[in-house]
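Worksheet for the structure shown next.
The values are calculated or read from the model by the stated rules, or taken from the named source; none is laboratory data. All values derive from a computational prediction rather than experimental measurement. Counting neighbours? That spans all protein chains shown, and the Cβs are built from the backbone with ideal geometry, glycine included. We work out accessible area using only protein heavy atoms, side chains counted, and drop any ligands, DNA or RNA first. Shrake-Rupley method; radii C 1.70, N 1.55, O 1.52, S 1.80 Å.
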Amino acid sequence: MARADSLGAAPDTGDAPDATAQVLVRAATHALEAVGGYAAGIYLRSPTTGLLLLAVFTGLPLQLFRPWWRMQVNRPYPVAEAYRSGQAVLLPDAESAMSRFPQLMAGLPFTFASLYEPVTAGTERFGVLVVLREATPGIPVGTADRERLRRAAEQLAADLTALAAAGGRVLWEGDPMGVPAPPPEAGAEGARRAADRLAQAVLSLDREGRIGYVNTAAEALLGIDGPHLRGRLLWEALPWLGHPAYEDHFRAGFMSGEPVHFPARRGRHAPGQWLSVDLYPAADGVTLTLGTSVKPAYTPASRTRHDPDAGAHTDADTHARTDADMDTDVDAYADLDVSADEASALYRPVALAIALTEAVTARQVSAVVTEELLPAFGGRQLAIYLLDERHLYLAWETGFPQGFLNRFDGVSLDVRLPGVETLTTGRPMFFESMQHLATAYPGIPLDADVGARAFLPLIASGRPVGSCILGFDSPRGFSPEERTVLTALAGLIAQALARARRYDSEVALARGLQSALLPHRLPVREHVDTVGRYLPGTQGMEVGGDWYDVVETGAGLLALVIGDVQGHGVAAAATMGQLRSAVRAFALSGSTPEQVVSGTNQLLIDLDPGQFASCCYMLLDPASGSVMAARAGHPQPLLRHPDGRTEVLDLAGGVVLGIDPEASYPVTELRLTTGSILALYTDGLVEKPGLDIDVGVERLRTALEAARPSPLTETADRLINEAGNTADRPDDIALLLASRTGGDP
């Protein structure tokens, strides 16, 4: 679709589908006006699962936001959060954005407000509507603006639904589409004459970076007549200002609303001519001034195509450098021919570091590297090998032909392979073509004839962890900057993987402890079937406090128990074990449900672990189907009747355990007829971030109603399957089903 290949090139929208383009442009423009923003965009789903693409953008230079054209839905960004949760994300200022989404602010450390509204119709999720506007520090987004933004998203969802029904495309492919603004005005004649009297060069830009007014001093300084400048993008008219080194300054000026000042070299063929660049933004545009006689406080250090291991300049060398030296440096920097994509990678070390702090397993670390590192450098293949007893084992791969890397799995450190030698020598290895790789390692199997490869050592605190392979589809060079950044990122990845391996070992131990605390099998009784399921959470390595149990009492009754200790970790698991033992002891002694729950409450208060727990205890007579139930702050169970009708029970209850020693727990009596199913569960099965728990309970009720009543194991698997397939599960889950199969009618 639309394409924008450099900072100085406007996106081509000619091949965008007309109907889709009209819908998106209308929605973005309407949202911009509705909430008083200065920029708006729309992300849509793409054909790639889990990937959102920026489809349309208006109000700011599209090219400055290239790093955010692609958004993985599982990343910690507000766009992804709004899409995942189905709830609006409203960030009125930089402080709120930093507290919730530090990775966003790592790349855009400016003062601005941003509003994100999911575009949904029923269960269909199309994407996210985004509006940027001036920050309102400490003042939340008002109700009226929230409603206006929501209505704009609802209208867009309705339009996209109609478009899809008519056979139109609602998935986005390719680059985003920029929305042209009206041609910039030259301004009033009086203002023009006043500006022409200034000795300083002045240009007026609209909010998308197009030049409107140019004063006489600017024409003289630049050597270009005003008519050749007006109406053009700044970076097209003055390509030297489109250098990637200046992108962040322009982002700051266009987004923050604060003045920005920086030095810039006027082209490669104007030795020694540095200009001061000043940006003065406002709601309706940006005034840019250019001044001469500036000596930059900082210029890029010498960047030439030399050995990256060459020694660095000392401070004395730096201070002794001349203007000619600095000019040479800038020429060398320009010689690198850095693209906008490569420049956008400069913020990746910070973004990747933040993302890696959130990754706790080796798989999560590898996924972060895939999503953050590969796009930054245009890579297509990634493989990560981990060291174990002097052998490298494949831990993660993407993009390589299926089965190709299996031959290298488990290779010894004595084998001559680039993935091995990069680790044993501790030096990264870069091959600009597959021919170079084949020449350096004759006879090595290659997965492609064309491309480039980078082999990075993963070393953390001086200890080898493994190696990382980056693959590229086309031959390419690796500039000194890229080599330095990739080597530094490899160190971050190694530290994260080392931490993750410790985590994985601790997880195995924690899961073993959890398993030991849960029943290994449930009793088999005539007239009743019981099935239990447990799923650990995926966020954090510590064990949880959810449990279930089925206890055969001395009176021939069956006690069904489910509970949830607040928190996670060894303390929660220990408390869970104590409570489970206490409930079993009370049940076996013939206590009534009220006595069991009250006694367990008193025990938890006496133990004083600083935790509380919820619990539901039901005493079932398998022969008659009579049930006596007591509940302590736990979610209401579900009851599926023989005809399939399923209801949420309304059991009387008391407060959670461990809070009030005087708490009472009334008993509710009900009857379980033959063919009925009781479902007891913990809140992890029905709670999702951003959604009311009642929505989750209704979803579970509907699933139980639609499930086949037997075999009961399949019913349990169906109820827990959706949660089990969710990679981002903050809480553990317990489920206990009981089905009455016979006895008195």
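Filter region 105-143 for residues that are touching a strand residue (DSSP E or B) at 6+ places or on another chain (Cβ under 8 Å) and aliphatic (A, V, I, L, M) and give the result. Passing the criteria: ALA113, LEU115, VAL119, VAL128, LEU129, VAL130, VAL131, LEU132, ALA135, VAL141.
The criterion of at least 3 residues that are surrounded by fewer than 19 Cβ atoms within 10 Å (Cβ to Cβ) is met by none of the strands (runs of 3 or more DSSP E) falling completely within region 423-479. When GLN364, GLN381 are checked against the criterion of being under 16 Å from GLY451 (Cβ atoms) and of a type outside the set (D, E, K, R), a single residue qualifies: GLN381. Scanning for something of a type in the set (Asp, Glu) and not in a helix (DSSP H, G or I), does region 590-606 turn up at least one residue? No, region 590-606 has no match at all. Comparison of PRO140, PRO180 shows that the only residue that is part of a loop (DSSP other than H, G, I, E, B) and more than 23 Å from THR58 (Cβ to Cβ) is PRO140.
Within region 45-60, being assigned to a strand (DSSP E or B) and surrounded by 23 or more Cβ atoms within 10 Å (Cβ to Cβ) holds for LEU52, LEU54, ALA55, VAL56, PHE57, THR58. How many residues does region 192-216 contain that are open to solvent by 20 Å² or more (accessible area, probe 1.4 Å) and over 45 Å from the mean Cα position of the chain (by Cα)? The qualifying residues number 9. Taking region 649-672 as the range and being open to solvent by less than 50 Å² (accessible area, probe 1.4 Å) and in a loop (DSSP other than H, G, I, E, B) as the test, the residues that pass are LEU649, LEU651, ALA652, GLY653, VAL656, GLY658, ALA663, TYR665, LEU672. The set of residues from region 65-106 being in a helix (DSSP H, G or I) and basic (Lys, Arg) comprises ARG66, ARG84, ARG100. Can you tell me which residue is nearest to ASP732 (Cα to Cα) among those in region 668-708 that are of a type in the set (Ser, Thr, Tyr) and out of contact with any strand residue (DSSP E or B) (no Cβ under 6 Å at 6 or more places or on another chain)? Ranking the candidates gives THR702 first.
Taking each residue of region 359-378 that is touching a residue at least 12 places away in the same chain (Cβ under 8 Å) and looking for partners that are β-branched (Val, Ile, Thr) and in a helix (DSSP H, G or I) with beta-carbon atoms closer than 6 Å, six or more apart or interchain, yields ALA359/VAL365; ALA359/VAL368; VAL369/ILE493. Here's a check for you: in region 673-690, which residue that is assigned to a loop (DSSP other than H, G, I, E, B) and within 22 Å of GLU714 (Cβ to Cβ) is nearest to the chain's Cα centre (by Cα)? Among those that are assigned to a loop (DSSP other than H, G, I, E, B) and within 22 Å of GLU714 (Cβ to Cβ), it is VAL686.
In region 439-448, the condition of being hydroxyl-bearing (Ser, Thr, Tyr) and free of Cβ contacts under 8 Å to residues at least 24 places away in the same chain is met by at least one residue.
Every test in (1) surrounded by 22 or more Cβ atoms within 10 Å (Cβ to Cβ); (2) touching a residue at least 60 places away in the same chain (Cβ under 8 Å) is passed by VAL89 save one, and that test is (2). Check ALA121 against each of (1) crowded, with 22+ Cβ neighbours inside 10 Å; (2) hydrophobic (A, V, I, L, M, F, W, C); (3) in contact (Cβ under 8 Å) with a residue 40 or more places away in the chain and name the one condition it does not meet. Among (1) crowded, with 22+ Cβ neighbours inside 10 Å; (2) hydrophobic (A, V, I, L, M, F, W, C); (3) in contact (Cβ under 8 Å) with a residue 40 or more places away in the chain, ALA121 violates only (1). Taken as a whole, the condition of being part of a strand (DSSP E or B), under 19 Å from the mean Cα position of the chain (by Cα) and at pLDDT 90 or above does not apply to LEU132.
Can you tell me which residue is least open to solvent (accessible area, probe 1.4 Å) among those in region 232-258 that are part of a loop (DSSP other than H, G, I, E, B) and modelled with pLDDT of 90 or more? By that ranking, first place goes to LEU238. Suppose the filter is open to solvent by 20 Å² or more (accessible area, probe 1.4 Å) and either part of a strand (DSSP E or B) or at pLDDT below 90 (or both); does ALA574 pass it? So ALA574 fits the description; yes.
If the condition is being under 27 Å from the mean Cα position of the chain (by Cα) and either exposed (fewer than 15 other Cβ atoms within 10 Å of the Cβ) or part of a strand (DSSP E or B) (or both), then region 391-400 contributes LEU394, ALA395, TRP396, GLU397, THR398. Among residues belonging to region 1-35 that are of a type in the set (Ser, Thr, Tyr) and part of a loop (DSSP other than H, G, I, E, B), point out the one that is modelled with the highest pLDDT. Among those that are of a type in the set (Ser, Thr, Tyr) and part of a loop (DSSP other than H, G, I, E, B), it is THR13. Residues of region 61-78 that are of a type in the set (Lys, Arg) and surrounded by 20 or more Cβ atoms within 10 Å (Cβ to Cβ): ARG66, ARG75.
Scanning region 518-558 for residues that are assigned to a strand (DSSP E or B), open to solvent by less than 30 Å² (accessible area, probe 1.4 Å) and modelled with pLDDT under 85 yields GLY544, GLY545.
Selection over region 335-376 of residues that are modelled with pLDDT of 75 or more, surrounded by fewer than 20 Cβ atoms within 10 Å (Cβ to Cβ) and among the hydrophobic types (A, V, I, L, M, F, W, C) gives a count of 2. When TYR116, TYR83 are checked against the criterion of being in contact with a helix residue (DSSP H, G or I) (Cβ under 8 Å, 6 or more places away or on another chain), closer than 24 Å to GLU371 by Cβ and surrounded by 19 or more Cβ atoms within 10 Å (Cβ to Cβ), TYR116 stands alone in meeting it.
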